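Peer 1: Pasting a structure here, questions to come.
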Ligand SMILES: *Cc1c(COP(=O)(O)O)cnc(C)c1O
């Protein structure tokens, strides 16, 4: 009889695979160690052809696949978020151990679902740790998800279902007037959530902000009253702890009071700003957050964990379970008490995200994160001070936290010319690979937006950045220089779009 041919994905040569694994760990630790010496951004037109290659039918082997990783990806990519001068959007710089935690997570490859699985208890323990350090009620339930967007979607689902006043899970959305309030500075994740939940973008009411970009609470009260008179059904207020544009904090205490008086659900989006709770000098910013009915935030922004991990906490577990619990027969586990993860959210199979929280909290201790939050805030205030003193720089928004919106300016230039010039400065920083802030518009003005949640940034990096902005501000007055940068940039954009 012919011996049976059996297929497996295990390596033929375990020794060689282990050796290559060691090399990968060495290489990737060195990448992190030497990241400062790399450009923070690089165009990757040379890799474009390879993105069109067809699916490989024949094996390259792990060695071959890793060679491609190096030649196609790493040679053309700088791991910018790891760089000490990455200050774009709100993207957290992970600690080098982050990739090691991911390796451990991958090795266990446990889908944290069941009450008879130890990973479930690590998830509960770390969520308890988070409630403890944030000073949020210990009775709250919580769940790890991919990010603060999903976390808010879950929080707002619990809000909608709890406040609907009928069995919305059975009947579906029947009330067209259910209304949510948030500030005009709210993250677009709230719009997505309102749309997905059948609330509708029109019923996500944007309350105007004051000069500090905080929700105007008297305007909120007025809108609630008017909407009620017009037959709408206000049910929820979303407060933001740290807006994405400028780092503004809504007055959570007053919002909590309004919600209590008006019997509304109080949801807080604290994606990155919630972690100011770990910095004693910043505690005043989030006063009142402990009164939130639900709270959404990330651990991949300011806690230095690798993508992706967000978390939602719901003050009253009963409401949380009522919104999501479904335990079909095939998920019942004999004798086990407590709910599986499917009872708290959308996902069933999922990665063991809690492990990296468990490891990071143990490795660094939670005080370290508060110190880094404070350091980043001090760095932003330092930049603000420099901008205020430099006649050729202009601050475009208050700096309550870690975000500085500013621009380069020269007398005699129109607003339009200033917008163009600052756009070119940003492009120059990217193309030179020296620093990577992002941009936004503040009152119609193009702003260079510096946002740090980066533990690698040193004060000296900020000095260097300011000098580069000034240098480029001068250089971009020369038409030939602008043409040269644009030519190189457009060639890149053409290649990646074709
Ligand atoms: C980043 C961010 C979000 C969205 O979080 P994701 O993790 O990207 O889903 C929501 N709100 C604020 C204020 C943010 O900064």
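Laboratory data are not the source of any read-out in this text; all were calculated from the coordinates shown. On a predicted model such as this, the values are computed, not experimentally measured, just so you know. Cβ atoms come from the backbone with ideal geometry, glycine included; neighbour counts cover every protein chain shown.
Peer 1: Starting with the highest mean, order 302-315, 126-139, 440-453 by the number of other Cβ atoms within 10 Å, averaged over the residues of each peptide.
Peer 2: Those peptides, ordered most packed to least, come out 302-315, 440-453, 126-139.
Peer 1: So what's the gap between the Cα centers of segment 1-40 and segment 295-368, to the nearest angstrom?
Peer 2: 30 Å
Peer 1: Could you calculate the contour length gain from residue 218 to residue 317, that is, 0.36 nm times the residue separation minus the distance between their Cα atoms, to one decimal place in nm?
Peer 2: Using 0.36 nm per residue and subtracting the Cα-Cα distance, I get 32.5 nm.
Peer 1: Let me ask another. For residue 19 paired with residue 494, estimate the spin-label separation in nm (one decimal), with each label point 7 Å from Cα along the Cα-to-Cβ line.
Peer 2: 4.7 nm
Peer 1: So for segment 291-430, considering every pair of alpha-carbon atoms, how many percent are separated by more than 27 Å?
Peer 2: 51 percent
Peer 1: How big is the gap, in Å, between the Cα center of segment 191-225 and the Cα center of segment 239-280?
Peer 2: Centre-to-centre (Cα) distance: 13 Å.
Peer 1: How big is segment 184-246 along each principal axis, measuring the range of its Cα positions in Å and listing the largest first?
Peer 2: The principal-axis extents, from largest down, are 34, 28, 14 Å.
Peer 1: Each label point is 7 Å from the Cα along the Cα-to-Cβ direction; what then is the distance between the points at residue 392 and residue 325, in nm?
Peer 2: 6.5 nm
Peer 1: A further question on this structure: Please work out how much length the chain gains when fully extended from residue 480 to residue 54, using 0.36 nm per residue of separation minus the C-alpha to C-alpha distance, in nm with one decimal.
Peer 2: Additional length available on full extension: 149.3 nm.
Peer 1: Right, another one. Please label the shape of segment 205-327 as rounded, prolate or oblate, based on the square roots a ≥ b ≥ c of the eigenvalues of the alpha-carbon gyration tensor (a/c under 1.5 means rounded; beyond that, a/b larger than b/c means prolate, else oblate).
Peer 2: It is oblate, given that a/c is not under 1.5 and a/b is not larger than b/c.
Peer 1: Still on this structure, please answer the following. Starting from the alpha-carbon convex hull of segment 13-161, give the projected area averaged over all orientations, in nm².
Peer 2: About 14.0 nm², averaged over all directions.
Peer 1: Is segment 358-427 best put as rounded, prolate or oblate by its Cα gyration tensor, with a ≥ b ≥ c the root eigenvalues, rounded for a/c under 1.5, and otherwise prolate when a/b is larger than b/c, oblate when not?
Peer 2: prolate
Peer 1: What FRET efficiency, computed as 1/(1 + (r/R0)^6) with R0 = 41 Å and r the Cβ-Cβ distance, is obtained for residue 188 and residue 5, rounded to the nearest 0.05?
Peer 2: About 0.20, to the nearest 0.05.
Peer 1: What fraction, in whole percent, of alpha-carbon pairs in segment 342-498 exceed 18 Å separation?
Peer 2: Within segment 342-498, distances greater than 18 Å cover 66 percent of Cα pairs.
Peer 1: Then there's this: Return the Rg/Rh ratio of the chain with Cα-based radii and a Kirkwood Rh.
Peer 2: Radius of gyration relative to Kirkwood radius: 1.00.
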